[in-house]
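Comments concern the structure below.
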Amino acid sequence: MSYYITTPIYYVNGEPHLGHVYTTVAADVLARHMRQRGEDVFFLTGTDEHGEPVAQAAEREGVTPRDLADRNAERFKAVATRVNATNDFFIRTSDPEHHAVVSEIVTRLKAGGHVYEGTYEGFYCPRCADFKTDSELVDGSKCPIHLIELEREKEDNWFFRLSAFQEPLERLYADHPEWVLPSNRYNEALSFIKGGLRDFSLSRARISWGVQIPWDPDQVVYVWVDALFNYYSALAYARQGEDLTDRFWPATVHVIAKDILKFHAVFWPALLMAAEIELPKRVFIHGYLLMDDHKMSKSLGNVLDPFHVMDVYGTDALRYYLLREVAFGQDGSVSPEGFENRYNTELANEYGNLARRVLSMIASYRDGLVPEADPPAELARELAGLVEEVQRCLDRVEVSGALDAIWNRVRALNRFVQESEPWKAAKDPERAGELDAVLLGAAEGLRVVSVLLYPYIPETAVKLLTALGREDRSLDAARFGAAGGGARIGELGQLFPKVEAAEPSTA
Ligand code: MSP
């Protein structure tokens with residue numbers, strides 16, 4: 001089956017930070033997991049380069065929007081690589097192929113009677129690229145998100161008849177109660193729709209950095225309309241000489257944070273209905289990473305620096321921390337202390353030490369060969385159903401739920417090794433069979449959790465599976481007992497070395 005997953009495309013008005021990394025890593029976990037399942041996966045991320053957010057930032061820096069976009073798009077690309085994201089393509093909305101699709105679609109919207117000429121009057125936040133109703137404003141005239149003073153704007157432009165989609169959208173929500181997850185976000189979007197939909201501007205007259213309206217060269221396509229269609233346009237040109245649209249559209253899941261819920265859960269399906277394009281199957285909305293109870297953002301200066309963390313502790317440690325610390329779907333705080341704590345107690349002790357211990361016992365008690373034996377029934381029970389549980393969670397985009405389930409088994413393995421005391425059996429030749437079963441069981445358990453952890457901590461999992469002499473990381477291999485004994489184990493260095501006095505700094 002095909003599985004098409006996307007992240008938001010990030011604005012190039014600033015540099016990438018931990019919030020962007022968070023979404024990209026979560027989507028990468030899903031993409032890797034689905035590949036383990038043998039699905040036909042396409043994973044898209046990229047940059048959103050048009051509109052006021054970028055044009056104004058460029059002006060402030062005294063460079064052209066294109067220069068700013070070129071510079072920062074490279075940074076976002078580099079970050080995706082740095083966090084080991086396995087995206088199949090990186091889209092930039094300044095790509096000419098994307099322009100062509102957007103032009104064609106807005107033309108189609110107009111031909112279909114969804115577009116009319118009108119005058120917009122009201123507040124607009126250039127940083128959100130969003131129109132604000134009076135009731136949303138803070139202190140009468142400030143953007144509720146950026147807290148900057150907004151001005152009342154009046155502008156003639158082209159409107160999209162969103163109001164005509166009130167009923168179709170209500171029907172979509174009624175027929176597909178899980179199309180937006182988690183359910184609190186579904187309710188939020190639905191109540192926004194039920195509150196009454198107002199038409200919105202499909203174009204802007206005041207800026208020129210964007211996709212020209214084909215029938216009106218004085219206007220450019222509203223940046224959100226331009227941006228949303230990236231999910232669709234990318235498939236047409238991601239592979240040279242090949243159009244992947246039929247193979248991957250509709251998208252399986254768009255992963256976003258709650259800041260852009262309205263655009264994805266209301267505007268996007270309406271635009272697609274108007275353009276007569278099939279709707280994505282699901283939008284999953286995660287929460288905010290907070291620091292000191294505030295949304296982490298560069299402008300607030302409270303960002304845990306992902307590059308520093310990766311330089312000092314490695315990419316896997318960061319990936320693990322993000323998905324373990326905060327329940328995916330909810331807001332949650334991250335901190336240097338929290339990071340160190342998880343790194344030391346969970347990664348280094350619970351997983352790293354377990355691995356070292358098991359491998360070194362096999363090396364010293366069994367000359368480096370995983371013994372042939374029947375796996376212990378108690379371990380088999382403990383690990384039964386884990387693969388299904390992980391699949392169930394990840395089908396519903398519960399990325400940290402799946403990780404919790406796996407980690408509970410890492411802990412169970414630790415208990416198993418502790419309680420079965422193989423070091424005692426090793427001293428008694430009569431207990432050789434028992435020792436074989438314990439060592440085989442521990443190796444097999446370690447292998448199973450490592451296959452399942454592969455999407456989260458790919459570098460480490462590969463090292464461990466290689467050291468266990470069992471490199472198959474397909475999901476079928478994640479069944480306890482699937483491999484059995486006989487493998488020759490290899491060297492395993494320190495997986496998560498102690499880091500002395502190197503606080504994961506904030507930037
Ligand atoms: N360009 C638009 C998205 C267009 S999608 C068609 C945009 N860009 S953004 O650069 O502001 O990125 C917003 C996204 O970055 C969020 O939806 C989320 O995925 C991620 N995050 C940014 N800061 C974050 C946190 N503090 N916490 C969690 N996610 C964060 O909006």
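The values are calculated or read from the model by the stated rules, or taken from the named source; none is laboratory data. These numbers come from a predicted model, not from an experiment. Cβ coordinates were reconstructed from backbone atoms using ideal geometry, including for glycine residues, and neighbour counts include every protein chain displayed. To get the accessible areas, we keep the full protein, side chains included, count just its heavy atoms, and leave off ligands, DNA and RNA. Shrake-Rupley method; radii C 1.70, N 1.55, O 1.52, S 1.80 Å.
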Original post:
Taking the mean number of other Cβ atoms within 10 Å as a proxy for protection, how do you rank 394-404, 134-144, 183-193, 323-333 from highest to lowest?
Top reply: 394-404, 323-333, 183-193, 134-144
Original post:
Ignoring any ligand, DNA or RNA, what whole percent of the accessible area of the chain comes from carbon and sulfur when the probe is 1.4 angstrom?
Top reply: 46
Original post:
Can you list the residues, at least 5 places off or on another chain, whose amide H is less than 5 Å from the amide H of Ile91, using H built in the peptide plane?
Top reply: Thr45, Gly46, Thr47
Original post:
How large, in Å, is segment 2-286 by the Kirkwood hydrodynamic radius built from its alpha-carbon pairs?
Top reply: 19.4
**OP:** Just read off the accessible area of Ile207 with the full protein assembly in place, 1.4 Å probe, to the nearest 10 Å².
**Re:** 30
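Rolling a 1.4 angstrom probe over the protein heavy atoms, how many square angstrom per residue are accessible across the chain?
With the other protein chains kept in place, the chain gives 41 Å² per residue.
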Subject >> Normalised contact order of segment 109-175, rounded percent, pairs of Cα under 8 Å and 6 or more residues apart >> reply: 36
**OP:** Could you go through segment 86-102 in sequence order and give the Karplus-derived ³J(HN,Hα) for each residue, using 6.51 cos²θ - 1.76 cosθ + 1.60 with θ = phi - 60°, rounded to whole Hz, and x for Gly and Pro?
**Re:** 9, 4, 7, 7, 10, 8, 10, 6, 7, 4, x, 5, 5, 3, 4, 5, 4
Original post:
So how do Glu121, Glu350 rank on accessible area, 1.4 Å probe, biggest first, that is with the largest at the start?
Top reply: Glu121, Glu350
**OP:** Compute the Kirkwood hydrodynamic radius of segment 173-319, taking the inverse of the mean of 1/r over all pairs of distinct Cα atoms, and give it in Å to one decimal.
**Re:** 18.2
**OP:** Let me know the volume per residue of the alpha-carbon convex hull for the chain, in Å³.
**Re:** 151
Subject >> Charge context of Asp156, other residues only, Cβ under 12 angstrom, K/R +1, D/E -1 >> reply: -3
Subject >> Rg/Rh (Cα only; Kirkwood hydrodynamic radius) as it applies to segment 48-102 >> reply: 1.02
**OP:** Give the accessible area for Met273 in Å² (nearest 10); use a 1.4 Å probe, count only protein heavy atoms, and leave out ligands, DNA and RNA.
**Re:** 50
Original post:
Roughly how many Å² of Leu147 are accessible to a 1.4 Å probe, to the nearest 10?
Top reply: 110
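Find the all-direction average of the projected area of the Cα convex hull for segment 39-80, expressing the result in square nanometres with one decimal place.
For segment 39-80, the mean projected area of the Cα convex hull comes to 3.6 nm².
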Original post:
List the aspartates and glutamates whose alpha-carbon lies under 18 Å from that of Lys110, not counting same-chain residues fewer than 8 positions away?
Top reply: Asp156, Asp199, Asp216, Asp218, Asp226, Glu276
Original post:
lysines near Lys262 by alpha-carbon distance under 18 Å, same-chain residues fewer than 8 away left out - which ones?
Top reply: Lys132, Lys194, Lys281
Original post:
Between segment 39-85 and segment 4-21, how many Å separate their Cα centres?
Top reply: 8
**OP:** Check cross-link reach from Lys77 to the aspartates and glutamates: straight Cα distance under 13 Å, and skip same-chain residues fewer than eight apart.
**Re:** Glu15, Asp48, Asp88
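Given the convex hull over the Cα atoms of segment 374-507, what projected area results after averaging over all orientations, in nm²?
10.4
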**OP:** Mind checking segment 240-289 for chymotrypsin sites (Phe, Trp or Tyr not before Pro) that DSSP puts in a loop (not H, G, I, E or B) and that have at most 13 other Cβ atoms within 10 Å?
**Re:** none
Original post:
Would you list Thr24, Thr86 from the most to the least accessible area, probe 1.4 Å?
Top reply: Thr86, Thr24
Original post:
DSSP beta bridges in segment 2-286, what fraction antiparallel, as a percent rounded to 5?
Top reply: 50
**OP:** Before anything else, pin down the relative contact order of the chain: Cα pairs under 8 Å, at least 6 apart, normalised by residue count, whole percent.
**Re:** 15
Original post:
Going by alpha carbons, how many degrees (0 to 90, nearest 10) lie between the helix axis of 432-453 and the longest principal axis of the chain?
Top reply: 10
